[in-house]
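Data block below; observations after.
The values are calculated or read from the model by the stated rules, or taken from the named source; none is laboratory data. A quick note: this is a predicted structure, and the numbers were derived from the prediction, not measured. For neighbour counting, all protein chains shown are included, and Cβ atoms are generated from backbone atoms with ideal geometry for every residue, glycine included. Just so you know, the surface numbers come from the protein's heavy atoms only, side chains and all, with ligands and any DNA or RNA stripped out. Shrake-Rupley method; radii C 1.70, N 1.55, O 1.52, S 1.80 Å.
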Amino acid sequence: MPKHDVLVIGAGLAGQRAALAAAEEGVSVAIVSKVHPVRSHSNAAQGGINAALNPDDSWESHAFDTVKGSDYLGDQDAIEVMCREAPEEILHLEHLGVPFHRNEEGLLGTRAFGGASQARTYYVADITGQAIMHVLYEQLMKHSEQVDRYEEFFSTALALDDDGTCVGAVMRSIRDGSMELFEAKNVILATGGNGQAWQPTTNALICTGDGVAMAYRAGAPLMDMEMIQYHPTTLAGKGFLITEGARGEGAHLLNANGERFMERYAPNKMELASRDVVSRAEQTEINEGRGFPDGTVALDITVVPKKRIHEALREIVLVGRDFAGVDITSEPIHIKPGNHYTMGGVKTDIDGATEIPGLYAAGEVACVSVHGGNRLGANSLLDTLIFGRRSGLHAANRAKGLNPKPPSRAILADEESTVAAIVSRERGSGRRVSEIRKELGETMDRYVAVFRDADGVQRALETVRRLKEEARSAYVDDTSAIFNQDVLGAIELGFMLDNAECTCMGALERKESRGAQFRTDHPERNDEEWLKHIDLRTSTNGDGPQISYSDVTITQWQPMERTY
Amino acid sequence: MAEAQQEAAQTEHDAKQYTLKVRRYKPESGDGPYWESFDVELDPTLSVLDGLLQAKDREDGSLAVRCSCRAAICGSCGVKINGKSTLACLIQIGEAHEAANRRNGGGEPIVVEPMGNMPVVKDLVTDMESAHWEKIRRVTPWLLDDGDPPERERVVPPESMVDITQTIACIQCGACVSACLSMEVDPDFIGPAALAKAYRFVGDPRDVETRERLYDLAQDPHGIYDCTHCFSCIDACPKGVAPMDQIMRLRRAAGNEEIDDKNNGHRHEAAFVNIIRKKGTLDESLLLQESYAQGVKGKLIPKPAAIKGLVGSIPTAVRGIRTGKMRSLRKLIPGMHHKLPGDGTEYVGRIYEHAEEHATELNLYITGEEGEEPAPKESDERQAEAVTAPAAEPDETVASADGGDAEQPGPDQEAQR
């Protein structure tokens, strides 16, 4: 039975950063991922990473932009930590070998990004996430003595002892189908977001909210689950992402009449207003008949010099060519808002600790909260690294001197029988897992998207609850042990349904419009009643999530009206 | 444009029928691999991966294929489509169908197989450990710096970062490894992906072990000189990394460091260069001796290793004659090589001079598109770039999905060495 001081689940940026930070403290570390680490979804972060590193910039300015971007729902103590530590982290990455863009003097150079008062986004072409993640994986290979890698291992549940302390997790080896209890003094969840519960989405197929659901089932509170970001520039139908860096480089948004419509919504920042603002503007244009017949508006990158496009937006040239059949250097490309990011997640403190002792969360799975109601572009990579590092560090120090008794193996037997039950369901006895997954995605995208109202969200919630029931009898085709993706799909479906239920509950509860949550039946922000987080806990009687509230931490920026 | 895109959106509902013929393997069944066909119905602009996922969703959930991002960034879904190594998410199913049917009436299925040069785990899932990851680890894949990091960032030329971004763009999908002909012959060949990874450090001015890295890769019999320039990896790479170009840059860098490798690789390259400079075309009769003992003409005192090498080459020469590859015995006799008409040789010499004056190590990331903002000096650089990066045009990757009609460039003379 594998036994470690720190067990990291998920190997994207947050997970890898946590593992490396913990290893530096000299404790034993394992990192487990259901895909090979370099396949993780941090790859998809194109545009860059924010830091106030330039002498003319200040962490306070970065923090204020983030607070304002969050529509004042972000916790300012956490935002301060993130923005203060950002410059050091960028330099650390540079020292590890990330080939950040340089200016003519050979120093780190920046590009502009949405919602920011200064150009403070550091980048590697438009493959920033990929570049950083591959460099961190280089470091994992370098430190293979200190960090055990379990690649293609799927976590099904967290293990708690009788006192409710987290002492490990149950894993299924995808390669041979065996299940094992991984014992650990601390577990760090770094499993990413839940975008696959929406269709279409920019998220990869692996983004099924596993960690959120596992923590929730174990009793940890979730927070701000209603805050789901719709990214302003995604390809219609397929959901692929076009980086905000395109607008950072100067690209325009045009409606079907050729108007640069952002003039009417954000006269100062135009295309570089925060994402919730731009997505709402686009959706308004589309809803009011000024979009194209395919339900889109256009992103015109041709105004950016060609040489610059090829240097800085190369991935987007490929995405346009391969997935839309459009040469973005010579013609505008049709885009629309699409599901992109989960601001909410497992509630943590500024060290990544959840309410369950021994359980940490970092990155998109977590809600510290630094993003509040709306995340700024290029703050997500920063979030993963800063809170990945802090979680790793804190967990490693907690492990020192801790001597827990071996956990009960009952959870392993439970999980084994759950899997056995899925496999043994008779073919044709219920619905196919894939059908339920599809219905879930379409429902969420229809009712819990850019614009919401009580009726729609209520309908979505009822659908999700029906689907949960149906999922209990959904069958799979594959009964084998080796690389049985079918059975994993059934488990993931369960995870996604828990995520979706919590999002619907939060969206229904928050009777105001703030950040990514725009309620057409409550179109104003209401600080008096709703300047607070919505926390959700699983109930012991099976009634679904229990709602409570927690305060937003305000240090130096009082809520103001938000204009761009 | 609007019309084209609206049309595209309308045809979104224009689903067509396709047949995917998938090579399947169920390790627990005790049986060998077999073929199974799946009929799918989807928009021609959707990908082969979308087709596989539809078959999986609707017909058989046990069909195993690694996949995640669907947008050619995670590198999970490396497969062979109609015999060509690529990513399943990158190839439109309509194109794959056309490629499969270029030579007949349209009844051929799209053939999908697991990647080559690596063991199959199940269906389309391969084990990349021995053919890929072990080799990545072989090249010391992390930055070797000079110890204490400076307080701020290291100051480096901006173009050097753009330069290595081409290899950082590698998503470790294994398509190049799958397509590599050298690895088929020599499974120990470090291979295109790992050598591209090596360039990522050799080209990085922050790495201080450049010479040691090059020495190691040049001396390894399965290293940089084991590549036969077949272009298959460039063809297969979905991200424009052009692994073979990176291998050639490693060779040039090793040459510049004057690393005289025991594989005779550098001297063999130099032999080509020197003979053509002198004679205008390649006099193959001189190639072997020039490779094993440079400047051998006039002073016939090859080193013992060279004699051994020359003697060892005899069977290859005999085989060449027997199989008809060597058609003219005259070609074996030094000095019988025909001369270029007129002052042809002089012209060739001038090409050398021009190339030497204008040689740059720039790649497509730096120069962008050809023909843009023309400046006289830059256009020279672009020509040089066209020489160093011949197949880096993005369209090449689409060609990789074609049905195998395009003639595979054969291994050149070096393969016979």
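Considered as a group, the residues in the stretch A:546-564 that are among the β-branched types (Val, Ile, Thr) and in contact with a helix residue (DSSP H, G or I) (Cβ under 7 Å, 6 or more places away or on another chain) include one that is surrounded by the fewest Cβ atoms within 10 Å (Cβ to Cβ), and that residue is A:Thr555.
Only one of the numbered conditions (1) open to solvent by less than 20 Å² (accessible area, probe 1.4 Å); (2) outside any loop (DSSP other than H, G, I, E, B); (3) more than 26 Å from A:Gln517 (Cα to Cα) is violated by A:Leu382, and that is (3). The single residue among A:Asp322, A:Asp349, A:Asp294 that is surrounded by fewer than 24 Cβ atoms within 10 Å (Cβ to Cβ) and modelled with pLDDT of 95 or more turns out to be A:Asp349.
Considering only the stretch A:141-155, I want to know if a residue exists there that is out of contact with any Cys (no Cβ under 9 Å at 6 or more places or on another chain), surrounded by fewer than 22 Cβ atoms within 10 Å (Cβ to Cβ) and among the aliphatic types (A, V, I, L, M). Looking for residues that are out of contact with any Cys (no Cβ under 9 Å at 6 or more places or on another chain), surrounded by fewer than 22 Cβ atoms within 10 Å (Cβ to Cβ) and among the aliphatic types (A, V, I, L, M), one finds at least one in the stretch A:141-155, hence yes.
Residues being buried (at least 24 other Cβ atoms within 10 Å of the Cβ) and either at pLDDT below 95 or more than 21 Å from A:Phe100 (Cα to Cα) (or both): count how many of those fall in the stretch A:5-20. Qualifying residue count, the stretch A:5-20: 9. Of the helices (runs of 4 or more DSSP H) lying entirely inside the stretch A:205-285, the ones with 2 or more residues being under 30 Å from A:Val187 (Cβ atoms) and open to solvent by less than 30 Å² (accessible area, probe 1.4 Å) are found at A:210-218. Whether a residue is modelled with pLDDT of 95 or more and either assigned to a loop (DSSP other than H, G, I, E, B) or more than 10 Å from every other protein chain (Cβ to nearest Cβ) (or both) was assessed, and B:Glu3 does not pass this test. Of the helices (runs of 4 or more DSSP H) lying entirely inside the stretch B:189-245, those carrying at least 1 residues that are under 22 Å from A:His310 (Cβ atoms) and modelled with pLDDT of 95 or more are B:192-202, B:232-236. When A:Gln458 is tested against (1) more than 19 Å from A:Met496 (Cβ to Cβ); (2) in contact with a Cys (Cβ under 7 Å, 6 or more places away or on another chain); (3) not charged (D, E, K, R), exactly one condition is not met: (2).
Yes or no: A:Asp294 under 30 Å from A:Arg452 (Cβ atoms), touching a helix residue (DSSP H, G or I) at 6+ places or on another chain (Cβ under 7 Å), charged (D, E, K, R) and touching a residue at least 40 places away in the same chain (Cβ under 8 Å)? Judged against the criteria, A:Asp294 is a match.
The residues of the stretch A:307-342 that are part of a helix (DSSP H, G or I) and of a type in the set (A, V, I, L, M, F, W, C), listed by number, are A:Ile309, A:Ala312, A:Ile316, A:Val317, A:Leu318, A:Val319, A:Phe323, A:Ala324.
The residues of the stretch A:270-325 that are within 14 Å of chain B (Cβ to nearest Cβ) and of a type in the set (Val, Ile, Thr), listed by number, are A:Ile286, A:Thr296, A:Val297, A:Ile301, A:Thr302, A:Val304, A:Ile309, A:Ile316, A:Val317, A:Val319.
Applying the criterion of being open to solvent by 10 Å² or more (accessible area, probe 1.4 Å), out of contact with any strand residue (DSSP E or B) (no Cβ under 7 Å at 6 or more places or on another chain) and not in a loop (DSSP other than H, G, I, E, B) to the residues of the stretch A:92-130, the residue that is nearest to the other protein chains (Cβ to nearest Cβ) is A:His95. Just one of (1) assigned to a loop (DSSP other than H, G, I, E, B); (2) more than 7 Å from every other protein chain (Cβ to nearest Cβ) fails for B:Ser68. It is (2). Of the residues making up the stretch B:272-309, those that are open to solvent by 50 Å² or more (accessible area, probe 1.4 Å), at pLDDT below 75 and either among the aliphatic types (A, V, I, L, M) or in contact with a Cys (Cβ under 8 Å, 6 or more places away or on another chain) (or both) are B:Leu300, B:Ile301, B:Ala305, B:Ile307.
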